[in-house]
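The values are calculated or read from the model by the stated rules, or taken from the named source; none is laboratory data. This one's a predicted model, so the numbers in the text were calculated from it and none came from an experiment. Virtual Cβ from ideal backbone geometry, glycine too; neighbours counted across all protein chains shown. Note: areas computed on protein heavy atoms with side chains; ligands, DNA, RNA excluded. Shrake-Rupley method; radii C 1.70, N 1.55, O 1.52, S 1.80 Å.
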Amino acid sequence: MNLTHFAPATSLLWKYLQHRGVDPEPIYRKAGINPEWLSNPQARINIACVEMLWQQAVAVIDDPAFAVKMVAYWHPSMTGALGYACLVSPTLRQVLGRVDRYIHTVTEGLNTTLEDTPAGLKLSIYVTDGIQHQPQQHDLVIALLMHMCRFNYGDELVASDICLAHPAPDNTADFIAYFGTDVHFDADVDSITIPRADADRELVSANKQLALMHDEMLMKYLVEIKKGDIVNQVKSIILDNLPDGQITDKLVASELNLSERSMQRRLKEHQTTFRFLLDNVREMVAKQYIENPMNRMSDIAFLLGFSEQSAFSRAFKKWTGKSPVEYRNTLN
C-alpha cells in the first residue's frame, strides 16, 4: 500500500518539537524523512514514514495533550492549496466541504464523510485500513479542523460535539480548555460537529474567486497524485484532453499504451466504465466552472468538449437534475 502524505504538512510537528527544545532533524531522518522535503510543495512522503515519525515524537514529548497545543504553530502553507482555499471560503460549511473533497491532497491516510445531523454539520474522520495512528494524531486532526474554523469565524466558535476515537488520558483539562466544551473519548470515529447556524453564516474573510481558483488546483492535484490507479489514470487523461473535444476510449487507451478492450476490462474490474468516468469528470469540472459567475455557459460547454451549449445543458441536467443556470442560481 503506497499511500502518501503532503510533505510540508509534517513541518507543523517539526516546529512544535523545536518549541519543546527537541532537535527534530535526527527524529525525521530516523523515520526516513529528508528535512529538505518539508519546504517542497511538490514532495510527498510515504505514510509508513509519517507513522514512524509520530511514534518517535510521542516517545520524546511527555504530554498526552500536546497535539491540541501544536495547532498554534499552523500556517496555511502546511496544508497547501487546501489550507488557502479554506481560509477564503464563504462559509464553514464550504470549509468542511472542501476538507471532505480534498483531504487526500494532504494525506491519503484519512477518509471523511460530511453530513447534516440534529446537532449540526458533522465531519467524521476515518483512518485508512492498515494504518496505525497514535492517539495524538487523532487529536491533531480534530484540533486543526477547529483551529481552521476559528481562524475564519472567530475564537468564540464552539463546536456542538467533539469526538475522539481513543481512550481519555488521565487529565482531560487541556482538551476541554482548547475546545471550550466536553470531549467524548472512546468514540467510534473522530468527528467535529459545528452548529448549523454557525456553519452557514457568511464569513467576512470570504473571497469566492480565490476559493474557486484553489479548487481547480486541488482538483488537478488530486487526480495527479492518484495516477497509479487505472481509474484515476483515465480521469487524469480525460481532464487533460477536455478542451480538445472528442475524447474517446480509443484516445485514452492509446495514452495508457493499452488496447481499448484491455482498458475496458481493467475498468470493469473496478466496477466502472469509460463512459461513466467521462461523465464523472465532466460533471466535476462543470460544477467548478459554473460556481464562478464570470464564466459564460457557452465557454464552459467549450471547455468541457461539447460542440454546442445545448448539448452541455442536456448532459448537465442528466447528471444533476438541474440545468446549468438552475444549478448556478442555487448557489446564490
### Query
Quick one: length gained pulling GLU224 to LEU114 fully straight, 0.36 nm per residue minus the C-alpha distance?
37.2 nm
### Query
Along the positive direction of the dipole of the chain (beta-carbon charges: Lys, Arg +1; Asp, Glu -1; about the Cα centre), which of TYR289, TRP74, GLN56 reaches farthest?
TYR289
## Note on the structure
Along region 8-21, Karplus-curve 3J(HN,Hα) (6.51, -1.76, 1.60; θ = phi - 60°) to the nearest Hz, with x for Gly and Pro, reads x, 5, 7, 5, 5, 5, 4, 5, 6, 4, 4, 4, 7, x
### Query
What is the dipole size for region 2-71, taken about its Cα centre, with +1 at each Lys and Arg Cβ and -1 at each Asp and Glu Cβ, in debye to the nearest 20?
100 debye
### Query
If all Cα-Cα distances of region 237-328 are sorted into 10 Å bins from 0 onward, what percent lands in each bin, rounded to whole numbers?
16, 47, 26, 11, 0
### Task
Work out, step by step, the length gained on full extension between VAL189 and ILE176: first 0.36 nm times the residue separation, then minus their alpha carbon distance; give nm to one decimal.
2.8 nm
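Heavy atoms only, probe 1.4 angstrom, no DNA, RNA or ligands counted: give me SER124, SER313 ranked by accessible area, highest first. Can you show the working numbers first?
Details: SER124 0, SER313 40 Å².
So, going from the largest accessible area down, we get SER313, SER124.
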### Message
Can you match Cα Rg over 2.2 N^0.38 Å to one of these, (i) 0.95; (ii) 1.44; (iii) 1.08, based on a calculation from the structure here?
### Response
(iii)
### Message
A 19 angstrom limit on the alpha carbon distance is what I want to check against. Which of LYS220/LYS268; LYS287/LYS317; LYS268/LYS317; LYS122/LYS220; LYS287/LYS318 exceed it?
### Response
LYS220/LYS268; LYS268/LYS317; LYS122/LYS220
### Summary
Between GLU202 and ASN2, the FRET efficiency computed from the C-beta separation at R0 = 35 Å comes out, to the nearest 0.05, as 0.25
### Task
Search the structure for amide H atoms under 5 Å from the amide H of SER160, placed 1.01 Å from N in the peptide plane, and list their residues when 5 or more places away or on another chain.
THR193, ILE194
### Query
Longest span of the chain, sites excluded, free of GluC sites (Glu not before Pro) in DSSP loop with at most 16 other C-beta atoms within 10 Å?
1-155
### Query
How much accessible surface does TYR327 have with a 1.4 Å probe, in Å² rounded to 10?
40 Å²
### Message
Nearest 10 degrees is fine. How inclined is helix 92-106 to the longest principal axis of the chain, computing both from alpha carbons?
### Response
90 degrees
## Note on the structure
Filtering trypsin sites (Lys or Arg not before Pro) in region 220-322 by DSSP loop and by at most 11 other Cβ atoms within 10 Å leaves ARG296
